[in-house]
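Structure first, commentary second.
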Amino acid sequence: MHPGCDAEARIRGHPEGALRDRGDVRERSGIRLLVLRSHGSVPVLRPGPRASLRGIDAGQDRSGGGATGDGQSPGALENGPHPRRARRGEPGPGAAARGLAPGGPLAVPVQELTPITATLVQRFYHDYYLAENLTVVVAGDVDAQEVLEKVSAAFAEMPRGKASSRSRFSEKGLTGTQAAIEKNYLDTQGMGITVGFRTPAWGSADALALDALLAVLVDNPLSRSQSHLNAGNAEYIRVTAVPQYEPDGGTIALAFGVDPDRVQDAEGAILTLIEQARSSPITTEEFQSAVRTLTQRDAFARTDLSGLGRYTALAYLRGAPGSEDLYLQRVKALRPEDLVAVARKYLDTDRAVFVEMGPDSIVSSFKPDELGRRIREKQTVYGAAFRSGPQATASTDAQRQARLDAPLKQAAALKPVDPGRGRVVRSILPGGIRLLVSEDHSAPAAAVSVYLLGGVRYENDNNNGITALAREALLNSIDPTTRGLTYRQTLQLEGRLVSYQDKDMWGCAMVLPSESWRDALGKMGSMFTHPDLDSVNVDATRIYVLETLDRWHQDDQAQRDRLIFSAKYQVSGYRLPQLGSHHTLAAMPLTEIVSWYRKFVVQPNMVVAVFGDVDPAAVRAEVERAFAGIPARPFQPGTVAQEGDFEGFREKWELGAGPYSTVTIAFNGPPARSPDIPALYVVASLLGGPKGWLDEYVMKTGGARNSNAILSQALDESPLLTMVTVNGPMQEEDMVKLLFRQIKKAAILPLHGDLAPDLFNAKTHASSSYYMTLDSNPTRAYQFARAELFGLGIDYPILLPARIQGVTSDDLLRIGQKYFQRGQWNKAPYAVAETRPGGW
């Protein structure tokens, strides 16, 4: 294939040989355009804030971002920040470029930035920002011809020409071990040792084998370094691998956090890890774990449309279109001897750089010459020890390259098929479980989720935190199919696990390679059916949740954000923190926890969602088998406290730990199923969107540090929350006046004439933001399960953006008088929470 062909089919290969997605590759005005069509129930318009699943460690009860905030996820301010890595299964920054793309540096030293002048920037732009050097990827429910026209128009004035060849430097290879001592940068602490090596070219067979080797050494829970730490060894505290692949080779850094008093011990442990990789055979368990890590990483990176687009673009940049879909076939071609071979070839301490970095008070006494001599002496000793006996078998370069690159020859022969992202199909199983299934063959990944009603809505002052305690107790139960591992551990070995809870619902969700969805579903069913709700497990879980609660209490922003709910609600459970209190978590009787589990974990209260690269016909039988032991008795949660109406306002203020003052205002809202919800989304975007009034009149004109507006959806009520952060009490009164003024404008001003663009922008932002919560299977599963539990209808996530687009200026005036204003001069009832410097 080549990008100059008109309407040439894009091809993706299923790891088992079936075919996936497909679209067009076209070239217009020198620009290479790739169109990945995913025709299904999810229209994708433009980028916007993404919702995410939230876990217990995400910092419960914290404000989310984005103008529509957590309309995507009920209880925006209670649920924590958006850990997109948990949602998409992304690795940390050190693992971001694993064999996929040239990696950018995690930080650019000032010494490298200083020489860059405006002239150099202009020259770079002139040489490389050319139409012939540009690849545009559009993924989603789009028409290829329309995309071609839009992209052509958008880049019509882009300069044409051939990009300059990449600058090359004649760099001599390292001879001998290089050593360096560095002082910590400002605002950094701790002591570290980093060992750097050269790497093979990005996308090569050696790069793939090196990725697998890094998984054996560092990048998975069963890695050698993690096993070393688990055994109680303390030569180093943590370790991460940071590869920087380039088209012509790059670097790999193994970074170790160390105790300043044990630097020389750490040097020995590091050299042992490296020499062992070069000399010792890779065990079957280590190799299987490494392959599983690479398989999961590939699947997770393509769980959303942006990931699909990224993989496709990178394959074209490599000059190997279609290779991204053959990655798993290449992984399956790996052999343990390949890992030994690349360890010997690249992890060579005779051509390495050792850097020790720490506080000035410690490293000022270190000398590079002395460090280099000490490393060379230890290297001689450890090398002789590990190389004296029989050596592990290693593959040759030719064998390795031929075997690992063989699947790439299939790319040109593959035929295109529809990716098949289908509509969500709902069914009710005999016991009452509601099953949601949607197939999506655009990536070899699946999302398996189980959600139930629960949370603080059903709690009171005596059992606050019982949902979190029971939820984590289930995950901490022992999986009987393993040797003493908990369900949390075994599920995390399968894929990315998120333990989720908000004000109204709870559960767990997984993203995993599609070949493992049955096994994960079986483990989830066993966990919900046979948890260890005994005193030993529950007491251990109390400690776990209490530690999380302590971290939440130490989070200043979380405490500021949480205050509005205890100010607004006096009866409803929404006033309570999700993690409970020290008293309730410690004193809650075991019998009450068991009773709560039996009340809430029943089939009529469960929604199971399986989305992704699965066979829909096989899902129902697997779910019935996995959850057959769950009782089918009716869900009877008992009386739920309801908040009564109030007039005027409710206020609460505290002294915060930071230097700033914050004000949060909450106006009453309707229940989640109200027809007013779409208009409230628009109001939230009108105020807090990127072109919103808060940004224009409170931030830019008023000088506030930060401001936002969020629709916080919950089952009983969805209040509009507005917040502003100011420099201190002296500025607070003026900012609050400005805040109320913008809300009043939204309630009484017709958005016609000069204000019509504001309405258009708000509707576009609100609908687009919600659409973007449907761009991955984990978040699609969450949104549809939430709609099912709330009784909103199976098509609610699809219809809501259309309803948002249908909102008119008259609709905003109607809800403005209903929720924000009482006539021209009187405000509707509201709650206000204020924090000022001074400490909690």
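The values are calculated or read from the model by the stated rules, or taken from the named source; none is laboratory data. Just so it is clear, the structure is predicted and the values come from calculations on it, not from any experiment. Cβ: placed from backbone, ideal geometry, glycine included. Neighbour counts: every protein chain shown.
Just give me the residues in the stretch 424-464 being among the hydrophobic types (A, V, I, L, M, F, W, C) and in a loop (DSSP other than H, G, I, E, B), in sequence order.
Restricting attention to the stretch 424-464, the residues satisfying the condition of being among the hydrophobic types (A, V, I, L, M, F, W, C) are 424-425, 428-429, 433, 435-437, 443, 445-448, 450, 452-453, 456.
The answer is V424, L429, I433, A443.
Conditions first: (1) under 18 Å from A617 (Cα atoms); (2) buried (at least 23 other Cβ atoms within 10 Å of the Cβ). R471 passes all but one, so which condition is the exception?
(1)
Which residue pairs have Cβ atoms under 7 Å apart, sit 6 or more places apart or on different chains, and have a first residue in the stretch 320-341 that is without any contact (Cβ under 8 Å) to a residue 60 or more places away in the chain and a second that is aliphatic (A, V, I, L, M)?
P336/I282; E337/A394
If you scan the stretch 725-775, which residues turn out to be among the small types (G, A, S) and touching a strand residue (DSSP E or B) at 6+ places or on another chain (Cβ under 7 Å)? Walk me through it before giving the result.
Our first condition is that a residue be among the small types (G, A, S); within the stretch 725-775, this holds for 728, 746-747, 753, 756, 762, 766-769.
G728, A747 - these are the residues of the stretch 725-775 that are among the small types (G, A, S) and touching a strand residue (DSSP E or B) at 6+ places or on another chain (Cβ under 7 Å).
Hey, among the residues in the stretch 473-489 that are at pLDDT 95 or above and β-branched (V, I, T), which one's nearest to S289 (Cα to Cα)?
The qualifying residue nearest to S289 (Cα to Cα) is T486.
Residue check: is V511 more than 14 Å from Y451 (Cβ to Cβ), over 17 Å from the mean Cα position of the chain (by Cα) and not acidic (D, E)? If you could, list the steps in order and put the result at the bottom.
Values: more than 14 Å from Y451 (Cβ to Cβ): yes; over 17 Å from the mean Cα position of the chain (by Cα): no; not acidic (D, E): yes.
Against the criterion (more than 14 Å from Y451 (Cβ to Cβ), over 17 Å from the mean Cα position of the chain (by Cα) and not acidic (D, E)), V511 does not qualify.
Please go through (1) in a helix (DSSP H, G or I); (2) without any contact (Cβ under 8 Å) to a residue 60 or more places away in the chain; (3) surrounded by 18 or more Cβ atoms within 10 Å (Cβ to Cβ) for K409 and return the number of the only condition it doesn't satisfy.
Condition (3) is where K409 drops out.
Quick check on the stretch 498-520: of everything there that is of a type in the set (A, V, I, L, M, F, W, C) and in contact with a Phe, Trp or Tyr (Cβ under 9 Å, 6 or more places away or on another chain), which residue is nearest to Y569 (Cα to Cα)?
Let us first name the residues in the stretch 498-520 that are of a type in the set (A, V, I, L, M, F, W, C), namely 498, 505-506, 508-512, 517, 520.
Filter once more, so that each one left must be in contact with a Phe, Trp or Tyr (Cβ under 9 Å, 6 or more places away or on another chain): 505-506, 508-512.
Values: M505: 19, W506: 21, C508: 28, A509: 30, M510: 33, V511: 36, L512: 39 Å.
Of everything passing the filter in the stretch 498-520, M505 is nearest to Y569 (Cα to Cα).
Can you pull out the residues in the stretch 353-384 that are of a type in the set (A, V, I, L, M, F, W, C) and closer than 23 Å to Y185 by Cβ? Break it down stepwise before answering.
Pass one, the stretch 353-384, residues of a type in the set (A, V, I, L, M, F, W, C): 353-355, 357, 362-363, 366, 371, 375, 381, 384.
Across the stretch 353-384, the qualifying residues are V353, F354, V355, M357, I362, V363, F366, L371.
Sort through A313, A352 and tell me the only one that's touching a strand residue (DSSP E or B) at 6+ places or on another chain (Cβ under 8 Å), at pLDDT 85 or above and of a type in the set (A, V, I, L, M, F, W, C). Steps first, answer last, please.
Details: A313 fails: at pLDDT 85 or above.
It is A352.
Among the numbered conditions (1) assigned to a loop (DSSP other than H, G, I, E, B); (2) within 19 Å of A828 (Cβ to Cβ), tell me where F635 comes up short.
With respect to (1) assigned to a loop (DSSP other than H, G, I, E, B); (2) within 19 Å of A828 (Cβ to Cβ), F635 is out only on (2).
From the list P670, P690, pick out the single residue that is surrounded by 15 or more Cβ atoms within 10 Å (Cβ to Cβ) and part of a loop (DSSP other than H, G, I, E, B). Give the steps one after another, and end with the answer.
Values: P690 fails: surrounded by 15 or more Cβ atoms within 10 Å (Cβ to Cβ).
Result of the check over P670, P690: P670.
Could you list all residues from the stretch 637-669 that are more than 22 Å from L739 (Cβ to Cβ) and in contact (Cβ under 8 Å) with a residue 40 or more places away in the chain?
Just the residues of the stretch 637-669 that are more than 22 Å from L739 (Cβ to Cβ), to begin with: 637-645, 657.
Correct list: P637, G638, V640, A641, Q642, E643, G644, D645, A657.
Among the residues of the stretch 723-741, are any at pLDDT 95 or above, out of contact with any Cys (no Cβ under 7 Å at 6 or more places or on another chain) and of a type in the set (D, E)?
No, because not a single residue in the stretch 723-741 is at pLDDT 95 or above, out of contact with any Cys (no Cβ under 7 Å at 6 or more places or on another chain) and of a type in the set (D, E).
Could you say whether any residue in the stretch 195-202 is under 25 Å from the mean Cα position of the chain (by Cα), surrounded by 23 or more Cβ atoms within 10 Å (Cβ to Cβ) and at pLDDT 90 or above? Before you say what the answer is, go through the steps one by one.
Kept after step one, since they are under 25 Å from the mean Cα position of the chain (by Cα), are these residues of the stretch 195-202: 202.
Imposing the further condition that a residue be surrounded by 23 or more Cβ atoms within 10 Å (Cβ to Cβ) reduces the set to 202.
Still in the running and at pLDDT 90 or above: none.
Looking through the stretch 195-202, none of the residues is under 25 Å from the mean Cα position of the chain (by Cα), surrounded by 23 or more Cβ atoms within 10 Å (Cβ to Cβ) and at pLDDT 90 or above.
Please identify the pairs in which a residue from the stretch 111-128 that is surrounded by 10 or more Cβ atoms within 10 Å (Cβ to Cβ) has its Cβ atom under 8 Å from the Cβ atom of a residue that is of a type in the set (A, V, I, L, M, F, W, C), counting only partners at least 6 apart or on another chain.
That search, which allows pairs on different chains as well, returns D127/A163; Y128/A163.
Taking the criterion of being surrounded by 22 or more Cβ atoms within 10 Å (Cβ to Cβ) and assigned to a helix (DSSP H, G or I), would at least one residue in the stretch 820-839 satisfy it?
Checked the stretch 820-839: no residue is surrounded by 22 or more Cβ atoms within 10 Å (Cβ to Cβ) and assigned to a helix (DSSP H, G or I).
Within the stretch 693-706, can one find any residue that is under 22 Å from W653 (Cα atoms), assigned to a strand (DSSP E or B) and not hydroxyl-bearing (S, T, Y)?
Looking for residues that are under 22 Å from W653 (Cα atoms), assigned to a strand (DSSP E or B) and not hydroxyl-bearing (S, T, Y), one finds at least one in the stretch 693-706, hence yes.
For the stretch 272-320, which residues satisfy the criterion of being of a type outside the set (S, T, N, Q), within 12 Å of P513 (Cα to Cα) and within 16 Å of the chain's Cα centre (by Cα)?
R297, D298, A299, F300, A301, R302 - these are the residues of the stretch 272-320 that are of a type outside the set (S, T, N, Q), within 12 Å of P513 (Cα to Cα) and within 16 Å of the chain's Cα centre (by Cα).
Taking helices (runs of 4 or more DSSP H) that fall entirely within the stretch 167-286, which contain at least 2 residues that are free of Cβ contacts under 8 Å to residues at least 24 places away in the same chain? Quick ask: steps written out before the conclusion?
Working: elements: 205-217, 224-230, 263-279.
It comes to 224-230.
Taking S776 as the residue in question, decide whether it is crowded, with 23+ Cβ neighbours inside 10 Å, farther than 21 Å from L715 by Cβ and not hydrophobic (A, V, I, L, M, F, W, C).
Numbers: crowded, with 23+ Cβ neighbours inside 10 Å: yes; farther than 21 Å from L715 by Cβ: yes; not hydrophobic (A, V, I, L, M, F, W, C): yes.
For S776, the condition - crowded, with 23+ Cβ neighbours inside 10 Å, farther than 21 Å from L715 by Cβ and not hydrophobic (A, V, I, L, M, F, W, C) - is met.
Considering only the stretch 743-754, I want to know if a residue exists there that is within 24 Å of P837 (Cα to Cα), free of Cβ contacts under 8 Å to residues at least 40 places away in the same chain, among the acidic types (D, E) and outside the structural domain of R560 (by TED's automatic domain parsing). Full working, then the answer.
Within the stretch 743-754, the subset within 24 Å of P837 (Cα to Cα) is none.
No, every residue in the stretch 743-754 fails to be within 24 Å of P837 (Cα to Cα), free of Cβ contacts under 8 Å to residues at least 40 places away in the same chain, among the acidic types (D, E) and outside the structural domain of R560 (by TED's automatic domain parsing).
I need the full set of residues from the stretch 421-466 which are touching a strand residue (DSSP E or B) at 6+ places or on another chain (Cβ under 6 Å) and among the basic types (K, R), in order please.
The answer is R426, R434.
Working only within the stretch 501-539, note down all residues that are assigned to a strand (DSSP E or B) and surrounded by fewer than 24 Cβ atoms within 10 Å (Cβ to Cβ).
W506
It is to be established whether one or more residues within the stretch 363-375 are free of Cβ contacts under 8 Å to residues at least 12 places away in the same chain, surrounded by 14 or more Cβ atoms within 10 Å (Cβ to Cβ) and in a helix (DSSP H, G or I).
Scanning the stretch 363-375 turns up no residue that is free of Cβ contacts under 8 Å to residues at least 12 places away in the same chain, surrounded by 14 or more Cβ atoms within 10 Å (Cβ to Cβ) and in a helix (DSSP H, G or I).
Quick check on G703: is it out of contact with any Cys (no Cβ under 8 Å at 6 or more places or on another chain) and on the phi < 0 side of the Ramachandran plot? Steps first, answer last, please.
Working: out of contact with any Cys (no Cβ under 8 Å at 6 or more places or on another chain): yes; on the phi < 0 side of the Ramachandran plot: no.
Judged against the criteria, G703 is not a match.
Any residue that is among the charged types (D, E, K, R), closer than 27 Å to P671 by Cα, in a loop (DSSP other than H, G, I, E, B) and outside the structural domain of D298 (by TED's automatic domain parsing) - is there at least one of those in the stretch 468-491?
In the first step, residues of the stretch 468-491 are kept if they are among the charged types (D, E, K, R); the result is 471-472, 479, 483, 488.
Restricting the remaining residues to those that are closer than 27 Å to P671 by Cα gives 471.
Filter once more, so that each one left must be in a loop (DSSP other than H, G, I, E, B): none.
Within the stretch 468-491, not a single residue is among the charged types (D, E, K, R), closer than 27 Å to P671 by Cα, in a loop (DSSP other than H, G, I, E, B) and outside the structural domain of D298 (by TED's automatic domain parsing).
Which of (1) modelled with pLDDT under 95; (2) buried (at least 20 other Cβ atoms within 10 Å of the Cβ) does D556 not meet, given it meets every other one?
The failed condition is (2).
Those residues that are closer than 26 Å to P368 by Cβ, crowded, with 22+ Cβ neighbours inside 10 Å and of a type in the set (V, I, T), I need them from the stretch 264-295; list them, please.
Scanning the stretch 264-295 gives I270, I274.
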